[in-house]
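Trainee: The structure that follows is given in the form of structure tokens.
A short reminder: the numbers here are calculations on the coordinates, not readings from a lab. Not measured: the values here are computed from a predicted model. Neighbour counts are summed over all protein chains in view; Cβ atoms, including those assigned to glycine, are modelled from backbone coordinates with ideal geometry.
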Amino acid sequence: VFATALIVLARHRSKSLELDLPHIMGMEMPIAMAIGGLVAAHVASHLGPGGSNQDLLDLAVVTVLLLELVAISLTGQDNLLDRIPIALDWVVLPLLAGRMLGAIAVEALPFPLSIDPFEGDMLEWEMPWMLLESALILCVLTDVWVDRRRRAAGREDWKNSSGRGARSLAIVLLSFGPAGILAVASAIVQGWRYRQPSAVGIAIPAGLMALFAAGNWFGPAMDVFPEVTMATGLLLLVLCAMTVPLKGGDWTMMLAFNSHLLIIAVTVAHQATSVLLPVLLIALSSTVWIVGILQLRRALRIWGLADLLVAIVYGLIFVEGIFEPTTLLVALVVVAAELGVVSWLGLRNEEQLVKD
């Protein structure tokens, strides 16, 4: 209350003198400093001997105060379509910074993606998480509203590709599921609308993280998490191949990276010593290598070769029964087939590849 009163007085005084307050990352300095102080006090209160990461009533208080402060920052402003996105960032990012700092510091605050909002006391556990989730959902819906108003007014997009994806990831890390899923859906839709591969590329794994977070309190989500991750990775691999006929070269690198990330991660976690990982690596290698030839992208061709080498080395070292005659014969045939297709395409496009 005292900080709010000081901020209101400072803004009133500066306006009466027709002066502009200095800004920190788009936010008026008194409000920015008040937000930083609130988050620091929140984290510090959980670091002492009497601190508990299960008693989070102060999280609810901080959330309400942050919403109040950013609302004050918007009062009396003319360019609301430019200032509201900044205000949303000043709600989400300080909360995330405090959460990460508290989690790293002897788990003074719960780690992201590990929250079951229904397992504790109503006042000290459930209510703060529900309030935070509601605030995050409000941020997502407000962002969607601002985007629609800007498009209706013929304004250009306000946020770059990585910034849009980063905000969705930040909301996922703060959320226990619903707000994160909404943020990811919004980032993917807006990223596709504004042709921002990085935004979509960050949002896709963030969406799977939101599903994982929901699995802490909704069992079926955790049960299907490996299958959904693998299916998403394979779908992205198919879409990566489709960028050749559809002339979508801007999306190729994002699709290749995310397909590698998801397919390899889920396979290592669940099928580390089976023949499945080398087989999938060869599929990744073939797709990326062929796309690199057809799109004349040297980095993808090198990437495809590296995938093939990793698949061979991994199979020889970790896969059980790889030296059985039948298994070894099938593996050699698959590798020979990939190299044959790559060599044929390379000869067919030799002139363009030499220029590349």
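Trainee: In whole percent, what relative contact order does region 199-304 give with Cα contacts below 8 Å and a gap of six or more residues?
Mentor: 22 percent
Trainee: Give, in nm to one decimal, the length gained when the segment between Asp82 and Phe2 is fully stretched (0.36 nm per residue of separation minus the Cα-Cα distance).
Mentor: 26.0 nm
Trainee: Still on this structure, please answer the following. Could you work out the relative contact order of region 1-158? I mean the mean sequence separation of Cα pairs under 8 Å and 6+ apart, divided by the number of residues, in percent.
Mentor: Across region 1-158, relative contact order equals 25 percent.
Trainee: Further question on the same structure: Considering only the other residues whose Cβ falls under 14 Å of the Cβ of Glu338, what net charge follows from Lys and Arg at +1 and Asp and Glu at -1?
Mentor: Combined, the nearby Lys, Arg, Asp and Glu give 0.
Trainee: Sticking with this structure for a sec: Please work out the C-alpha center-to-center distance from region 98-167 to region 299-356 and express it in whole Å.
Mentor: 44 Å
Trainee: Can I ask one more? Hey, what angle do you get for helix 29-44 against the long axis of the chain, alpha-carbon based, 0 to 90 degrees rounded to 10?
Mentor: The answer is roughly 70 degrees.
Trainee: Bin width 5 Å, origin at 0, all Cα-Cα pairs of region 1-158: what percent of pairs per bin?
Mentor: For region 1-158, the binned pair fractions read 1, 8, 16, 19, 18, 14, 11, 7, 4, 1, 0 percent.
Trainee: So what's the net charge close to Ala203: Lys and Arg +1, Asp and Glu -1, counting the other residues with Cβ under 15 Å from its Cβ?
Mentor: +3
Trainee: In region 187-327, if the dipole is taken from +1 on Lys/Arg beta carbons and -1 on Asp/Glu beta carbons about the Cα centre, which of Trp289, Asn216, Val313 is farthest to the positive end?
Mentor: The Cα lying farthest towards the positive end belongs to Trp289.
Trainee: Let me ask something else. Please give the contour-minus-distance gain from Glu320 to Phe225: 0.36 nm per residue of separation, less the Cα-Cα distance, rounded to one decimal in nm.
Mentor: So the chain would gain 31.6 nm between Glu320 and Phe225.
Trainee: Quick one: if you take sqrt(5λ) for each eigenvalue of the C-alpha gyration tensor of the chain, what semi-axes come out, biggest first, whole angstrom?
Mentor: One finds semi-axes of 47, 27, 15 Å for the chain.
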